1. List the lysines whose Cα lies under 27 Å from the Cα of Lys53, skipping any in the same chain that are fewer than 8 positions away.
2. Identify all aspartates and glutamates with a Cα-Cα distance to Lys52 below 15 Å; exclude those on the same chain that are fewer than 8 residues away in sequence.
3. With the Cα gyration tensor of the chain giving a ≥ b ≥ c as the square roots of its eigenvalues, does the rule (a/c under 1.5 for rounded; else a/b larger than b/c for prolate; else oblate) give rounded, prolate or oblate?
4. Apply the a/c threshold of 1.5 to the C-alpha gyration tensor of the stretch 220-265 and tell me whether it is rounded, prolate or oblate.
5. How charged is the neighbourhood of Gly298? Take every other residue with its Cβ under 12 Å from the Cβ of Gly298, and add Lys/Arg as +1 and Asp/Glu as -1.
6. Order these peptides, 165-176, 10-21, by their mean beta-carbon neighbour count within 10 angstrom, highest first.
7. How tilted is helix 91-100 with respect to the longest principal axis of the chain? Cα atoms for both, answer in degrees (0 to 90, nearest 10).
8. With every protein chain left in place, what is the accessible area per residue of the chain in square angstrom, probe 1.4 Å?
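The values are calculated or read from the model by the stated rules, or taken from the named source; none is laboratory data. Every value quoted in this text rests on a predicted model; they were computed, and no experiment measured them. Glycine also receives a Cβ, built like all others from the backbone with ideal geometry; neighbour counts cover every protein chain displayed. For the accessible areas, the whole protein counts, side chains as well, though only heavy atoms, and no ligand, DNA or RNA atoms are used. Shrake-Rupley method; radii C 1.70, N 1.55, O 1.52, S 1.80 Å.
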Amino acid sequence: MRDAVLNMLLDNLGNFVSGEDISRRLGITRAAVWKYIRLLQNQGYVIESSTKKGYCLRQVPDILDEALLVRGLNTSLLGRNVEIHPSIGSTNARAKELALNGAPEGTVVIADEQVQGRGRLGRSWVSPSGKGIWMSVILRPHLFPQQVPKITIVTAVAVANALKRSAQIEVGIKWPNDIVCGGKKLCGILTEVHAEPEVIHYAVVGIGLNVNLSLEDFPDDIKDLATSLRIEKGKEFHRVDIIKAILQEMEKGYLQKLNDDGFAELLKEYERRSVILGKRVRVIGVGGEFSGYAEGFGEDGSLMLRLDDGCLERILAGDVSIRGESGYV
């Protein structure tokens with residue numbers, strides 16, 4: 001009922017709705033209406049009360065509210081089942097637990113804060129409360145395990161398109177899984193799978209996006225490498241709006257572009273947004289370090305690297321890290 005009251009206020013954002021109208025339409029008492037208004041106010045919604053006019057929603061807070069998330073979310077799969085946590089160890093860990101127990105495809109786990117956030121290669125991910133989008137999506141793709149990098153590519157392009165639409169910002173993609181802006185890391189993607197040689201039982205795609213972090217929120221060792229939407233645009237954003245845009249763009253790519261014809265088109269977009277293509281990069285892996293020019297990407301998500309001796313090396317995402325000649329990009 002709390003969500004029903006909120007939706008009535010949202011339908012009339014900036015305008016008064018009488019308590020009598022809310023009471024009649026929802027079939028609850030005026031006292032119950034007042035109780036839910038107080039609850040919403042305590043949660044951060046700025047609601048003006050007037051004895052004669054009723055209630056007016058003046059300002060929507062930046063909170064992870066499922067009622068806000070599902071409102072206007074025009075997806076058929078992603079986000080139809082949502083789990084939101086005030087604080088959690090890792091959204092990917094929780095999503096894997098849910099997937100193993102049969103959670104439906106498209107289930108999304110979101111946290112206001114992660115205390116054990118993880119990136120690729122076992123790195124930690126700074127995930128402070130109320131400042132970013134820390135979420136994981138459960139997928140059950142009809143792909144062979146070796147095709148898993150396709151999912152990361154779909155997600156990277158989706159995030160880039162969603163940010164252009166919801167935050168009016170142009171970003172680049174740093175192979176294999178980073179979204180960058182101004183030469184700094186804005187978002188990371190972590191895809192994990194449970195599979196057998198011929199079948200993927202599930203894939204969990206984790207997205208960590210720095211939204212309203214200030215420079216002071218980043219540890220000293222990554223201040224020169226990381227950025228946020230707030231830093232880049234000089235203003236704060238409502239995270240729910242961006243989450244909805246990401247889920248919508250991600251579903252479009254997942255449902256329409258994973259097939260061979262669609263993926264070729266998507267890969268071209270991935271290449272257009274690449275910040276390393278045509279540049280000299282260093283590949284740092286467990287077997288050592290070598291350099292070359294990034295020439296392109298294979299349909300399996302691999303990087304085609306032209307080495308100094310002229311040979312073309314195919315690099316799989318795996319346990320490697322990519323750096324520009326003089327820094328992160």
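1. The qualifying lysines are Lys35.
2. Once the sequence-local aspartates and glutamates are set aside, what remains near Lys52 is Glu20, Asp21.
3. Judged from the Cα gyration tensor, the chain comes out prolate (a/c at least 1.5, a/b above b/c).
4. Oblate is the answer for the stretch 220-265, as a/c is 1.5 or above yet b/c matches or exceeds a/b.
5. Overall, the nearby charge balance is -3.
6. Taking the mean over residues of other Cβ atoms within 10 Å, the ranking is 165-176, 10-21.
7. Rounded to the nearest ten degrees, it is 90.
8. 46
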